[in-house]
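Read-outs: derived from the displayed coordinates by stated rules, not from any lab. Quick caveat: nothing in here was measured; it's all calculated off a predicted structure. Here Cβ is always computed from backbone atoms with ideal geometry, including for glycine, and neighbour counts include all displayed protein chains.
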Amino acid sequence: MHVDHIIRRDVGGDDLQNLQLLCGHCNSTKGSDTMNDLWKRLIKGGVLSKEIAKILKKKWNQIHLEK
Ligand SMILES: [Zn+2]
């Protein structure tokens, strides 16, 4: 498992709330993308349908953005 900065550190993601746990594969897939860019890329690449991405994005936001 890797500790990922949800928002890249060089654009202000230096807060502890900005950390998430990802497996190595997910982290390398995410790269330096924002999560929004990652969702778009996964849809564009055919990994996720828009419908599935919408559901997963909502769950992700509930875990990471709602305090
Ligand atoms: Zn993973």
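Within the stretch 16-27, the set of residues being surrounded by 11 or more Cβ atoms within 10 Å (Cβ to Cβ), within 16 Å of the ligand (Cβ to nearest atom) and either over 15 Å from Lys57 (Cβ atoms) or in contact (Cβ under 8 Å) with a residue 60 or more places away in the chain (or both) comprises Leu19, Leu22, Cys23, Asn27. Is it fair to say Gly13 is under 20 Å from Leu65 (Cβ atoms), more than 14 Å from the ligand (Cβ to nearest atom) and small (Gly, Ala, Ser)? Judged against the criteria, Gly13 is a match. Looking across the stretch 31-49, the residues that are more than 16 Å from Asn61 (Cα to Cα) and either in a helix (DSSP H, G or I) or within 12 Å of the ligand (Cβ to nearest atom) (or both) come down to Arg41, Leu42, Ile43, Lys44.
Do you know which residues across the stretch 50-67 are within 23 Å of Gly13 (Cβ to Cβ) and either part of a helix (DSSP H, G or I) or in contact with an Asp or Glu (Cβ under 6 Å, 6 or more places away or on another chain) (or both)?
Answer for the stretch 50-67, where residues must be within 23 Å of Gly13 (Cβ to Cβ) and either part of a helix (DSSP H, G or I) or in contact with an Asp or Glu (Cβ under 6 Å, 6 or more places away or on another chain) (or both): Ala53, Leu56, Lys57, Lys58, Lys59, Trp60, Asn61, Gln62, Ile63, His64.
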